[in-house]
Amino acid sequence: MPLSPLVGHDALRQRLGDAVVRGTMPGSLLLHGRRGVGKQRLALWLAQSQLCSSTSTPCGACQGCRYATELTHPDLYWFFPVPRAEVSDCSPEEALAYMRGVMRDRAKDGGLWGPTSGSEGIFVEMIRALVRAAASTPAMGRRKIMILGDADRMIAQEGSDQAANALLKLLEEPLPDTTLILTTSEPGALLPTIRSRVVSVRVAPLAPEELRQWTEADDVRAKIGRIDQTILERASGAPGALLAGTSHDTAAAHASLWLKALRGDTSDRFIAVLSEKPAGARGAFSDALDALEGMLHERLRAAVDDASPHAASLTRAQDAIEGARERASHNVNPALITAELLRELRLLGVNA
């Protein structure tokens, strides 16, 4: 079964597609943006663009496109967080074979996957497999595309330093026939040595009408059913939020409590801070930051459309949330992050 068609990101796709046609695509790319906006799906589209044999990329009809959308192209490698037990002590060949199998499983579902669990990660065996695959000769086309999804989930292990150094060398000096695409929802969690070696591209949430269009596709509707307007609005432009189901609802409720505290007095904000757990900044807390960013992004979109003077403060509010996410990526106490974030948002007038 081919991947569900990519919806939205039109301006970004145009830029990336032009770079492919002109031959100016960077060898190492980092797609970053809030969780669930479709970064890995966009990376797969970009891979298809480079594996397409047509001059109008991606044409969707050539053999390269068909194999890419079925996740069976021999020159497309996709690594993403998996359970530790599945790759423990695997050779690079065994780890690669396992990832090929998981790719096929995702293709059977149209590529409509939910968020990975907190226990899953990108382990040293997978990095070794990626580096080994990058050194191989393209099997079918002129290029190899390596995708490392949720790259911030790389796990430090015994022997990982050597693999990490090999990855850094690959990012800094990519082979002429290889493109590496990393994705992350937490760029601050990546090593500075990685961030300095890639070209960063922000992936924005979908517009409301684009998200609605995505939910109306037959395969999407078969996966998540009919979505009412309230749930659609809570997703805030992130298809992955709808695939996540109840976990996103919990994050949205968490973010709503912060907004409620901003409308209240000092005691309300104090209670909001004290209600945060002292650990887990990179789990449910980060999901709540994503939900809050989505809510304020919708306000910003409306403010820009109405030429509202609040647009500037809402833009700065997005920066404040990004700062909170940066602190969360370093596992700072969520209560401390919340206190600072609420203070910043209140000063910006985000209180409704």
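Only the coordinates and a few stated rules stand behind these numbers; no lab work does. What you see is a predicted model; the values in this text were computed from it and never measured. Cβ atoms come from the backbone with ideal geometry, glycine included; neighbour counts cover every protein chain shown.
Residue separation of T250 and N331 scaled by 0.36 nm, minus their Cα-Cα distance, works out to 27.1 nm of gained length. Run the quick spin-label model on A302 and L274: label points 7 Å from Cα toward the beta carbon, then report their separation in nm to one decimal. Rounded to a tenth, the inter-label distance reads 3.3 nm. Other residues within the sphere of radius under 11 Å centred on the Cβ of P92, judged by their own Cβ, net out at -1 (K and R +1, D and E -1). Structure note, pairs K39/K169; K39/K223; K39/K260; K39/K108; K144/K169: Cα-Cα distances above 22 angstrom occur for K39/K169; K39/K260. Computed about its Cα centre, the charge dipole of the chain is approximately 360 debye, with only Lys, Arg, Asp and Glu carrying charge at their Cβ. Counting charges near R221 (Lys, Arg +1; Asp, Glu -1) among other residues having Cβ under 14 Å from its Cβ returns a value of -2.
Per the Cα gyration tensor, the chain maps to an equivalent ellipsoid with semi-axes of 35, 24, 19 Å, ordered largest to smallest. Distance between the modelled labels on A217 and R343, one decimal in nanometres: 4.4 nm (7 Å Cα→Cβ projection).
Across all directions, the average projected area of the convex hull around the alpha carbons of segment 27-66 is 3.3 nm².
Note on segment 10-202: Cα convex hull, mean projected area over all directions, 10.0 nm². If R0 equals 51 Å, the separation of the Cβ atoms of S53 and A284 corresponds to a calculated FRET efficiency of about 0.70. Annotation for Q162 and D18: the two label points, set 7 Å from Cα along the Cα-Cβ direction, are 4.5 nm apart.
Residue separation of A207 and K108 scaled by 0.36 nm, minus their Cα-Cα distance, works out to 32.9 nm of gained length.
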